[in-house]
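Colleague: To start, I am sharing the structure in question, which I have written as structure tokens.
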Amino acid sequence: MDLGTHAGFIVASYALCALTIGGLIAWVRLDKANQERDLKELADQGISRAASGFGSTRKS
Amino acid sequence: MAFWDYANPTRFLRLVHVVLPWLTGLCVLAFAAGLYMSFFTAPEDYQQGDTVRIMYIHVPAAWLCMMCYTVMSISSIGTLVWKHPLADVSAKSAAPIGAAFTFMALVTGSLWGKPMWGTYWVWDARLTSVLVLLIMYLGLMTLWRTMEDPIKAGKAAAVLTLVGALNLPIIKFSVDWWNTLHQPASVVRMDGPTIHPDILWPLLVMAIAFTLLFFVLHLMAMRNEILRRRVRALRLRAASASHPGAAAATAQPAE
Amino acid sequence: MTGWALDLFQRDLKLSVRIGGSALVGVLFFLAVVTVIPFGVGPDLNLLARIGPAILWIGALLATLLGLDRVFQADREDGTLDLMLMAGRPLELVVLIKCLAHWVATGLPLVIAAPLLAIFLNLEPLAMGAVTLTLLAGTPALTLIGAIGASLTVSLRRGGLLLAVLVVPLAIPVLIFGVSAADAAIHDPVPFLTPFLILCALTLIAAVVGPVASAMALRFSAD
């Protein structure tokens, strides 16, 4: 595949976009892991939504 | 009504769990097709040569940075008018994604501009408006981060988002005016009346792929935000249980 | 009903003139910005005359931004804001009056100082008049838009910098039409009246959107 004289610019823009999207995906996944770890930690301390009926009857 | 059924975060999480794998699969397929088309089937433009391929990511990114603001504005109306409990979650998680797409639109735009215009940056009306949009996204994100209470932050950000939505057309109009005063219209324009179908098809597929990507990321970020608020609410409850009285006043449900 | 409005206006005006002398500080800052620019771009009088209106406008914008965080913060700290929220007066009107008082205390001195500073920038009398007129029409819009940012950040301890970041994008149209109107009066590529009338329209829009949005934000920050 020949990208002509401006190959560098094309590759650079695709690479930067891939990096940005990759960063977004990494951010979302890391954030999820963090929150789930925190929830698990709290559950281990005996603090959980189920233990106190939290959220089961309350609206929203 | 479905809209209100999913006001319950738990039910919403269940929905995300079901929908997300399908959306992700569709998104990957669309990207595969779009990338194949933009590199192998699309011809080079007679005027722009191969750099037209940058357009296949630039235009969808630019489209998404506006769509994302629209999503945030609708969510803000949801926060302020209907007090929908997921609306501010949606607005908050859309902001970083919107900022990322705006950044992509700017970077690819200037990388396209270097071979076409001979410079990385021109104070072109559209580039300038997008830059202003980026500043607004970053400002909104900062506002979210600096406010402790997610409910209050959500309302403040909703007001700002809506004021921004009112202002964006005015900004666009004034930047256009400013641009015609200061620059002769001699730059190469992409938005001619004739976009060849060979270019249009990959553009369309890539736009669909980017839109799907936005929804995948948005749903995932919303799920994270709901979990984060759960953690926060549980911590506050734990704190108020161990120090009754002192923290009770602040331990409001924050979901 | 005009009684309480006038009282509020006078109270706010007195407070902002007495405490910290905000009018004087704003003008001093304006002077400092205008003085600094020639050190940056060089003392070329022709260049300064050409970009003079822009310098004055940017200086006025920065000086306005600087004073904005005090619009509601002092009232919040001593509890006056809560009383205002509970008093049952239309909050939008209260905000509008407070903005007016703030503008008279900080914006109007900038407008009055502008012709004086224009001398440093080698502006002709016509240009001086044009810049002053556009500032007179445009700075209220800056204060009114800024009030939105001020009410959003009122509960934050160090909201001044964030306020500026939030307000600047919204203030861009005012800046564009203010400077183009002033430029149009000097070397006319377009008639002066076109951008000037749009500038006036922007101020009127800000007079509606600003109080409504910032009253909304103040109500949310209180409850």
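The values are calculated or read from the model by the stated rules, or taken from the named source; none is laboratory data. Remember, it's a predicted structure, so these values are computed and weren't measured experimentally. Every residue, glycine among them, receives a Cβ derived from its backbone with ideal geometry; neighbour counts consider all protein chains shown. What goes into the accessible areas is simple: the full protein's heavy atoms, side chains included, and nothing from ligands, DNA or RNA. Shrake-Rupley method; radii C 1.70, N 1.55, O 1.52, S 1.80 Å.
Colleague: Which whole number gives the average, over all residues in A:22-28, of C-beta atoms from other chains lying within 10 Å of the residue C-beta?
Modeller: 5
Colleague: Would you mind estimating how fast the range C:57-159 diffuses translationally, via Stokes-Einstein at 20 °C and 1.002 mPa s with the Kirkwood radius over Cα pairs, in µm²/s? If you can, show how the numbers build up before the last one.
Modeller: Details: Rh = 14.8 Å.
Rounded, D is 145 µm²/s.
Colleague: Run a plain Debye calculation on the range C:2-222 (Cα atoms as equal point scatterers, no solvent) and give log10 I(q)/I(0) at q = 0.13, 0.19 Å⁻¹, rounded to two decimals, same order as the q list.
Modeller: With one equal scatterer per Cα and no solvent, log10 I(q)/I(0) is -0.72, -1.35.
Colleague: Checking the a/c ratio against 1.5 first, then a/b against b/c, what shape does the Cα gyration tensor give for the range B:1-150?
Modeller: oblate
Colleague: Checking an interface number: how much accessible area is buried between B and C, summed over both chains, with a 1.4 Å probe, in Å² rounded to 100?
Modeller: Separately minus together, B and C give about 2300 Å² buried.
Colleague: Carbon and sulfur atoms: what percent of the 1.4 Å accessible area of chain C do they account for?
Modeller: 72 percent
Colleague: Springs between alpha-carbon pairs under 10 angstrom, Gaussian network model over chain C: which of C:SER16, C:SER155, C:SER180 fluctuates most?
Modeller: C:SER155
Colleague: Now, a different point. Using a Förster radius of 25 Å, what is the FRET efficiency between A:LYS32 and B:HIS243 based on their Cβ-Cβ separation? Nearest 0.05, please. Intermediate results must be reported in sequence, preceding the final value.
Modeller: Values: r = 31 Å, r/R0 = 1.22.
Between A:LYS32 and B:HIS243 the formula returns 0.25.
Colleague: Could you sort B:202-212, B:53-63, C:39-49, A:25-35 so that the peptide with the highest average Cβ count within 10 Å comes first and the rest follow in order?
Modeller: B:53-63, B:202-212, A:25-35, C:39-49
Colleague: Return one number: the angle in degrees, 0 to 90 and rounded to the nearest 10, between the long axis of the Cα atoms of helix C:91-102 and the longest principal axis of the Cα atoms of chain C.
Modeller: Its long axis makes an angle of about 40 degrees.
Colleague: Can you give me the Cα centroid spacing of the range B:71-112 and the range C:91-118 in angstrom?
Modeller: Result: 34 Å between the Cα centres.
Colleague: Now for a different question. Measuring with a 1.4 Å probe in the full set of protein chains, what accessible area per residue, in whole Å², belongs to the range C:2-222?
Modeller: The answer is 44 Å² per residue.
Colleague: For peptide C:141-151, compute the average count of partner chain beta-carbon atoms within 10 Å of each residue's beta-carbon. Please list the in-between numbers first.
Modeller: Details: counts 0, 0, 0, 0, 2, 0, 0, 5, 4, 0, 2.
If you average over the peptide's residues, the count of other-chain Cβ atoms is 1.
Colleague: Then there is this: Could you do me a favour and compute the accessible area per residue for the range B:33-152, 1.4 Å probe, result in Å²?
Modeller: It amounts to 37 Å² per residue over the range B:33-152.
Colleague: Mind grabbing the interface size between B and A? I mean buried accessible area, both sides, 1.4 Å probe, in Å² to the nearest hundred.
Modeller: That pair hides around 3600 Å² of surface in total.
Colleague: For peptide B:169-177, how many partner chain Cβ atoms fall within 10 Å of a residue's Cβ, on average?
Modeller: Average neighbour count from other chains, rounded to a whole number: 5.
Colleague: For the Cα atoms of chain C, what angle does the longest principal axis make with the long axis of helix C:160-186, in degrees from 0 to 90, nearest 10?
Modeller: Helix C:160-186 sits at roughly 40 degrees to that axis.
Colleague: Would you work out if the protein assembly as shown is rounded, prolate or oblate? Take a ≥ b ≥ c from the square roots of the eigenvalues of the alpha-carbon gyration tensor; rounded if a/c is under 1.5, else prolate when a/b is larger than b/c, oblate otherwise.
Modeller: On the way: a/c = 2.40, a/b = 1.10, b/c = 2.18.
Verdict is oblate for the protein assembly as shown.
Colleague: How far, in degrees from 0 to 90, does helix C:108-120 lean away from the longest principal axis of the Cα atoms of chain C, to the nearest 10?
Modeller: 20 degrees
Colleague: What 222 nm value per residue comes from the helices of chain C, counting each DSSP H run with n ≥ 4 as -39,500 (n - 2.57) and dividing by all residues, nearest 500 deg cm²/dmol?
Modeller: Calculated from helices alone, the mean residue ellipticity at 222 nm is -28500 deg cm²/dmol.
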